[in-house]
Structure formats: C-alpha cells, structure tokens
Amino acid sequence: MTVQTYFCHQNPNSAQSFVNYEITKSIYHQWQLLLSEDEHDADSLVTELMRVTGQSRNDVNKAIKADRLLKLLPELRVLVEEMFHVGISYLARIMDAISRAHGSILSVLEQRIVDRLTPRVADEAMIQASDLAGLITKWIKELDPTFQGPRPRSERDSEYLEFDTRGDSTYIRGKLASADARRLLDTLTSVGKGRMSLPEALRAFLDRRAPLRVVQYLYTPKDRGRPWIAGVGYLGAVLAADWEERIKRSEDLDEMENVVEPGYRPSRRMRAAVMARDGHCRFPSCSVPADRCQLDHVLAWEKGGPTAMYNLICCCQHHHNMKSDGRYRPELNEGGEVMWIGPMNQPVVTSPLGPFAEVMPTGLWGQTLRQRMAGWCDRRRRG
C-alpha cells in the first residue's frame, strides 16, 4: 500500500506549491554557494554578504545559522535538500534552539526534528518554527538533566515587582515565573467573570473576604517527562516541584479516549483530556492556549455528533465563529489530526501539540494506524 504524504504548502496538485518549491530551492542554493568559502573573519564575511546580496545584517546572520545547522545535522540536510519545504528563517530559528544542546544528544534531537519535519498525512500543516523550537528546548531538558537553558538557576531568580507612583496613577512593572503569572491572570479572570477589566478584577479581589477557588490543571506523565500547564507549556524543575506540591486531586485521563458522554456540554474531565491532546486552538497557525478555547463539536451535536474526544477540538472564539458560519469545515481523525477545508476547497491538516501528542504514533506505522483509526472514527460517527 502506498501512502501519499505532503505538507499543505507542497501539495503536488497545486501550481503555487511548485512555485514555493522553486523559490525555496533557489534561495537555498544561493546561500549554499555564497557560504561555500568562509575563510574571512566573521565581521568581514557578514559585511561582504550584505554587499553582495543587498540584504540586512539580520538576514545574513540567519543564513549563516541555517547553513551551520545543516552542516551540524546531516540527516536534516538530506531531508531539506529533498523537499525544500523550510526556509532560511525557519532553519535559523531551529539553530537558535539547538545551539544550547550538548553534542552527546544531537543525534537523538536530529531524529526527532526530522520526524517533525516529515509529513505524516496528506495536506498536513507544517509545525511552526516557534513551536518546534519550544519542543527542542523541552527535549534538551529531558535528555540532559544538567541543562539549565537560557533561564537563571531557578525560574524564580531575578523576579521583581516595581510600583512607580506618578501623580494620581501608579505604574506597575514586574517579572514573574510564567506559571505564577498565569496563576495571577487566572485568578483575576475568575474574579471578573468576563464582566470586569483586569484592574477592576484586581480591586474586587483585594476587597473580597470570602476565599476564592481557582482550578488549574497540571498534566504529569506517568512514565517520564516534565509537567505541562496549558498556556504556559512544560515546566522547569523548580516550578514543577512547587506546583506538584499544590496538587489537591489526581485523575487518570488516559481512559477518556473511549468515553462518550450523554450531554452536550463536556465534563470537566473531558475538557481536560481534549486540552491535553490539542495544546492550543486547532485552526492552522493559531496559538491561543487550549484553556482559553472552547470545545467545539466537529460534527454538530444537533446532527448527532457525540460528546467524545474523537468529535471535540479546541477552538478559540474567532475560529469557532469561522467554523460556525461555514467558512471553514473541520474533520478530525482518531490520530488527532484535524483537516480544515476552506473557501478555496484546499485542505490543511493540523496536528495536536499537547502532552498527549507526545505518545501518538509517527512514521509509516503511524500513518497506517491513523488510516485505520480514521475509518473507525467515521463509522462511530455514522452510528
């Protein structure tokens, strides 16, 4: 059985995809030629390349980083030179992320990067460079326990709050660990209940006497890996230990994959499981965190669509509206991919990025399994 896979911007039936391929290939070969000789010192090389190409110092530096990445990761280079599906800026962003890795783990990182940049299904939306860079940082932390990353020794080092009063107003500036800042935002949002601005919610919070309960989910793998919070990402060691002490109740979400709930509104556990799979809004290139999204029935509830993981996706309000008014139509398979069909009738497939996605199958076996699960999912929807 032959399985045809490609990213949506390289659809073999699209003339624009041919243009994309040729442009990327041409730019790649241009820089490959220009950087074939690097006997100059760095400053002189950059200056000369700026003169020759007419591009900015920033663009030239990106090309140098991209060239360095492909020399460092030969298997990635083979993939890029075969598909020409990623540009210079994309490669430079990945080089920024991988530059912090110890040489002993580069081969493992390269395999994971190649896997992420290899299409698994037809019309798949390629992972954004920023998302892949975030995964690389997570992988480095996982593979190298000594890695501290660009952050200080502790995620809470260098925190501060400043109150600068000028006349009738005070300007508040500060720096908090990302998970703590999220906790503050969630608290104020809970107080405001959508009816107050954040300053109004802060005043209400300071005035209230009754205790306030804010529910947050900390996703912790059973076997290995770091905890994850929607809207924050994977936690470093210090914050992970701190947040694990706050856990009031633990629930096993693995079983939710096969649960079908009787009502329209998903339960708290169902919502938590879908958030853990999706990570953020499933519309192409949208990065609204899952906990700021609505759970949308792919096949509408009124048309018989079940309240189950295989029929629910995270959608921000804006893209939920686009789906509701018919501008885009999603289809979800059991592998977690969502195919979006828009007004030009060209499909785009997005993959989940939550912690559940880390254990989903990849490669040819994964493609075959996804086909089986997609058929199973379709049969379940049809009753």
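The values are calculated or read from the model by the stated rules, or taken from the named source; none is laboratory data. Note that the structure is a prediction, hence the values are computed from the model and not measured. Backbone-built Cβ (ideal geometry, glycine too); neighbour counts: all protein chains shown. Protein only, heavy atoms only, side chains kept; ligands, DNA and RNA dropped before computing areas. Shrake-Rupley method; radii C 1.70, N 1.55, O 1.52, S 1.80 Å.
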> How about segment 275-295: which of its residues are without any contact (Cβ under 8 Å) to a residue 60 or more places away in the chain and open to solvent by less than 20 Å² (accessible area, probe 1.4 Å)?
Replying inline: Cys281, Cys286, Cys293
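Select, from Ile98, Ile105, Ile140, the only residue that is open to solvent by less than 70 Å² (accessible area, probe 1.4 Å), among the β-branched types (Val, Ile, Thr) and more than 21 Å from the chain's Cα centre (by Cα).
Matching residue, one of Ile98, Ile105, Ile140: Ile105.
Within segment 307-316, identify whether any single residue is open to solvent by 20 Å² or more (accessible area, probe 1.4 Å) and under 21 Å from the mean Cα position of the chain (by Cα), and answer yes or no. Break it down into steps so the answer makes sense when it comes.
Taking segment 307-316 first, the residues open to solvent by 20 Å² or more (accessible area, probe 1.4 Å) are none.
Looking for residues that are open to solvent by 20 Å² or more (accessible area, probe 1.4 Å) and under 21 Å from the mean Cα position of the chain (by Cα), one finds none in segment 307-316, hence no.
I'm trying to understand the selection: among the residues of segment 41-94, which are in a loop (DSSP other than H, G, I, E, B) and either in contact (Cβ under 8 Å) with a residue 12 or more places away in the chain or open to solvent by 60 Å² or more (accessible area, probe 1.4 Å) (or both)?
Residues satisfying the conditions are Asp41, Gly54, Gln55, Leu73, Phe84, His85, Val86, Gly87.
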> Looking only at residues in segment 259-274 that are among the charged types (D, E, K, R) and surrounded by 12 or more Cβ atoms within 10 Å (Cβ to Cβ), which one is farthest from Gln294 (Cα to Cα)?
Replying inline: Glu261
> Quick one: is Ala357 modelled with pLDDT of 60 or more, of a type outside the set (Val, Ile, Thr) and either open to solvent by 30 Å² or more (accessible area, probe 1.4 Å) or touching a Gly at 6+ places or on another chain (Cβ under 8 Å) (or both)?
Replying inline: yes
